[in-house]
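J.: Quick one: structure below, then a few questions.
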Amino acid sequence: MARALSIAIVGAGMGGLASAAALRRGGIAVTVYEQAAQFTRLGAGIQIGCNAMKVLRELGLEAKLRRQSFYPRSWNNRDWRTGEVKFDMVFGEAAERKFGAPYLLAHRGDLHAALASAVPEECIRLGHRLVGLDQTSDGVRLSFAGGATAVADAVIGADGVHSAVKDILFGASPLNFTGRIAYRTTFPAARLNGHTIDDCTKWWGEDRHIVIYYVKPDRSEVYFVTSQPESDFRIESWSAKGDVRELRKAFEGFDRQVENVLAACPDVHKWALVDRESLDRWTDGNVTLLGDACHPMTPYMAQGAVMAIEDAAVLSRCLDGVDRDGAANAFRRFEASRKDRTTRIQQTSRTNTWLKDKTDTDWVYAYDAWTVPLAA
Ligand SMILES: Cc1cc2nc3c(=O)[nH]c(=O)nc-3n(C[C@H](O)[C@H](O)[C@H](O)COP(=O)(O)OP(=O)(O)OC[C@H]3O[C@@H](n4cnc5c(N)ncnc54)[C@H](O)[C@@H]3O)c2cc1C
């Protein structure tokens, strides 16, 4: 009789946890190995596109996310100085009906915690940094810093933009530094001292922009993320700090809403923006990559985590009913089903033109990872 599949997932980020939840839904035994000793609540916002919400609904997370997140009337796009509206991408109930799910703005920590709540604690091993992988006839052997090992029938590398799994499978290759950096932070809206802001606006400057939105349903917390040129800063990390005075200077002359938000923000993180060309392959035998490990992108469409979440649903469909001998084929099918879409999103995101003018958004938000046809 065919033996049930056991899967090890490397990385308990957005894609790893979504995959664990989706695979368990299909009855597959999963263990997630995460390098961090504990989960930390990163101070960032995240836009959860309608296309991700369709996946999250099937994972049982819709009600929780609606309760914890902000439901914006639109993603507005305005000129940095005149405030002129360039394109107002209206969400709300009409878009929810059209695309089949809401568009939500969340605290990144809330989305991560929601995904973690969909995976039993005993399936997650914290403090496990993968350093080696060896495919043998008995399965894939994983080695971790500190000497621990594990064996699984198949492995999913969901270990993010600096993926060790990618380097082991296909060799190390440098990321593309865009020559631009992002400042970002979340802070209590009470610090705005009564100044009001739009629900969600991208303020388009000549060579820089800032996106500002609420991340809580009661408008109690504000998030912003910028993009601006700075060619010699190369730290790509969630923890690096920036200088809030430099940030304010860089956005002098922007609309009063922007000035008020930057005046109120207590401190900021700073991040070098990177992406990568589409990889030739994501899969090697019984090991595959998913999420930023194989298709990292600039944040300009707010689709990086969304793509990792879509990957999880499609991968779970490819693995449905598959035994250990079928894993390699299922992984190849997953790659073939997903690569065109993620490459198109990587390339579109890089141009930083999304929603700058009237934009066709159907191909992004109407996608349903549970029903889209799979490759042969
Ligand atoms: C400024 C900014 C704003 C963004 N805004 C949005 C947005 O609004 N909407 C959106 O959809 N996306 C957004 N993104 C993109 C999004 O953050 C990423 O695409 C998403 O986190 C990718 O998920 P992932 O699971 O592939 O990787 P990650 O979430 O990075 O998770 C990788 C996990 O693997 C672990 N790991 C790494 N190496 C190892 C190892 N060797 N062993 C074990 N564990 C390991 C890490 O600790 C981490 O937990 C933004 C990105 C940036 C930079």
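The values are calculated or read from the model by the stated rules, or taken from the named source; none is laboratory data. All values derive from a computational prediction rather than experimental measurement. Neighbour counts run over all protein chains shown; Cβ positions are idealised from the backbone, glycine included.
J.: Please give the number of the condition residue 132 fails out of (1) within 12 Å of the ligand (Cβ to nearest atom); (2) in contact with a Gly (Cβ under 9 Å, 6 or more places away or on another chain).
T.: (2)
J.: Conditions first: (1) among the hydroxyl-bearing types (Ser, Thr, Tyr); (2) free of Cβ contacts under 8 Å to residues at least 60 places away in the same chain; (3) crowded, with 20+ Cβ neighbours inside 10 Å. Residue 214 passes all but one, so which condition is the exception?
T.: (2)
J.: While we're here: Confirm whether residue 155 is within 14 Å of the ligand (Cβ to nearest atom), part of a strand (DSSP E or B) and under 11 Å from residue 286 (Cα atoms).
T.: yes
J.: Name, by its number, the condition in (1) more than 22 Å from residue 56 (Cα to Cα); (2) part of a loop (DSSP other than H, G, I, E, B) that does not hold for residue 372.
T.: So residue 372 meets the others, but not (1).
J.: Report, by residue number, each residue of the stretch 18-34 that is within 14 Å of the ligand (Cβ to nearest atom), in a strand (DSSP E or B) and either free of Cβ contacts under 8 Å to residues at least 24 places away in the same chain or out of contact with any helix residue (DSSP H, G or I) (no Cβ under 7 Å at 6 or more places or on another chain) (or both).
T.: 33
J.: So, residue 59, is that one modelled with pLDDT under 95, away from the ligand (no atom under 12 Å from the Cβ) and crowded, with 16+ Cβ neighbours inside 10 Å or not?
T.: Judged against the criteria, residue 59 is not a match.
J.: Next up: Is it true that some residue in the stretch 170-179 is in contact with a helix residue (DSSP H, G or I) (Cβ under 6 Å, 6 or more places away or on another chain) and farther than 30 Å from residue 212 by Cα?
T.: No, the stretch 170-179 contains no residue that is in contact with a helix residue (DSSP H, G or I) (Cβ under 6 Å, 6 or more places away or on another chain) and farther than 30 Å from residue 212 by Cα.
J.: A further question on this structure: Which members of the stretch 343-358 meet the condition of being of a type in the set (S, T, N, Q), over 16 Å from residue 89 (Cβ atoms) and not in a loop (DSSP other than H, G, I, E, B)?
T.: 343, 346, 347
J.: Do you know which residues across the stretch 266-299 are more than 14 Å from residue 10 (Cα to Cα), more than 9 Å from the ligand (Cβ to nearest atom) and polar (S, T, N, Q)?
T.: Once the filter is applied, which keeps residues that are more than 14 Å from residue 10 (Cα to Cα), more than 9 Å from the ligand (Cβ to nearest atom) and polar (S, T, N, Q), the stretch 266-299 yields 278, 283.
J.: Which residues, counting only those in the stretch 302-320, are among the aliphatic types (A, V, I, L, M) and within 8 Å of the ligand (Cβ to nearest atom)?
T.: 302, 305, 306, 307, 308, 309
J.: Quick test for you: out of 37, 52, pick the one residue that is farther than 25 Å from residue 259 by Cβ and in a helix (DSSP H, G or I).
T.: 52
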